[in-house]
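Notes for the one structure printed next.
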Amino acid sequence: LLTMIVATSALSYPRPLHPGGFSLPPMVEDLIPIATSKIITTTTDSDSQPEDVILQKDLLLVRPPDMESLWEWYAYTKRQTDSDPSWGRIWPTALSLARFTLQSLHLSGKEESSIDFDFTSNLNEQERALVKQAIKALQTTSHIIELGCGLGLAGLSFAVSAATESPNVKRTVTFLDREPYALHCVMASASINNLATAPISSEKGEVVVGSTAPLITARSSIDDWTNEGHNISYKDLQFNALDYDNEQTIILASDILYEPSSMDSLAAKLRNLLLPNDGGYVLITDPQKERTSGCRSALVKSVKEMGGEVVILPIPQPTNNGITMTNKAMMVESDVDIDGNLAKTVLIVVHFNGA
C-alpha cells in the first residue's frame, strides 16, 4: 500500500518545488499536455484526405502556483513597484501557439504544396502562400526567438516537439522577457525537459547539457523594447558565434499586444530581431477579443509602413485539447480565459523582407 501511495504521489501534478522566500517566489513543477488532432489535410493528385492523427507532447513546466500567490509574494517582499504577476500564468494564446508549432513540425519533410491547415480555407491565394512559407520557415530555421516569453510555454513546447518531429535540424531557442523571475522559470523548465542550456555569448563556450545531445539549446536574456538600455536586437544575440546551418531567425510571441501607441515600437522590434539581410517571419497569437481595442489594426499599419506583410486568421480551439485518453478528457485549465469562457485565438503572421 505504501508503495502504491508513493507511486501515485510521484505522478501527481503540480508538485511543490520551492515554498518561496525573499529571493525566489513559490514554485511548482507542472505537467502540461500539448495536444491536437484532426485539423491537417493531405492533398494528393486525385483528392484531399483528412489525416486523422493525434499529436501530443507532455511538457514539464516550472511556474508559480498561481498569480494570486505570486502577487502575495510581491507584496510580502515589498516588490510591488512595477510588479506584474501576469508572467506567472499559462495563457490560452500560448497554448494555441504551442499547438500550431506542433502541427507545423509534424509536417516536416512533406511538400509545401501538399499540406494545408483547415483554418486557412478562407484566405486568398497570396495569404495562404504567406502562411505556408511561415510554416516552412518554422520547420527549417535554426534560431527561434520567443519574445515576451513569460513562462516560455510556446518556445519550450517547440523545442520538445522539434527534438522528435524535426530531429535533423540543430537549433537554438532564445527566450526574451523583461521579468527575470520568468526567465528563471524558463531555464529551469528547459533543464528538466532535458534541453541543453547556454548563455548568450560572443565566445564559443561549453554548452550545459541535460540527458540528451545538444540538438536544441535554450538561451535567455532580459529584454524590454520600451527601454533603450534593454532593447535586444539581432546582433545582440550573437548567432554569428554559433556553428549552425543558418543564421536566420523566426519569432514566436503570444499576448504581447496591449497598447496601440506601442505598436510602432513593437513592429520595429520584430524587424530588428530578424536577420537583417534576409528578413523573416513572425508568428503571434492574440485573443480574438483584443485586450485593448485597436492594437491589431495599429500593428498591421506599422508593419505595412515598414514594408512588411501581415495575415490574420482565427485558430479553432481543439475540443478536449484535441485528445481523449482512457475516456478522460485532457482539456487543460488554461484553455479557459480570464473571463471564464473557452478562449478563442487568432494567429498573426508577419513577414519582413531583407534589407
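Can you list residues from other chains, or at least 5 along the same chain, whose modelled amide H is less than 5 Å from the amide H of L17?
Result for L17 returns M27, V28, E29.
Sorting check: for 187-194, 121-128, which peptide has the highest mean count of neighbouring beta carbons within 10 Å, and how do the rest follow?
Ranked from most to least packed, the peptides come out as 187-194, 121-128.
Scan the stretch 258-303 for trypsin sites (Lys or Arg not before Pro) in coil per DSSP, keeping those whose Cβ has at most 10 other Cβ atoms within 10 Å, and list them by number.
Sites meeting the loop and neighbour criteria: none at all.
Which value, in Å² and to the nearest 10, is the accessible area of Y258 when all protein chains are kept and the probe is 1.4 Å?
Rounded to the nearest 10, the figure is 100 Å².
How much of the DSSP bridge set in the stretch 133-270 is antiparallel, in percent, rounded to the nearest 5?
Bridges in the stretch 133-270 are about 5 percent antiparallel.
Taking the Cβ of T101 as the centre, find all other residues whose Cβ is under 14 Å away and add up their charges (Lys, Arg: +1; Asp, Glu: -1).
Value of the local net charge: +2.
List every residue whose amide H lies under 5 Å from the amide H of T345, counting only residues 5 or more places away in sequence or on a different chain, with H placed 1.01 Å from N in the peptide plane.
Q288, I315
How much accessible area per residue does the stretch 134-176 have, counting only protein heavy atoms and a probe of 1.4 Å, in square angstrom?
Accessible area per residue, the stretch 134-176: 19 Å².
The values are calculated or read from the model by the stated rules, or taken from the named source; none is laboratory data. Here the structure is a predicted model, which is why all the values come from computation and not from measurement. All Cβ positions, glycine included, derive from the backbone under ideal geometry; neighbour counts span all protein chains shown. Accessible surface areas use protein heavy atoms only, side chains included; no ligands, DNA or RNA. Shrake-Rupley method; radii C 1.70, N 1.55, O 1.52, S 1.80 Å.
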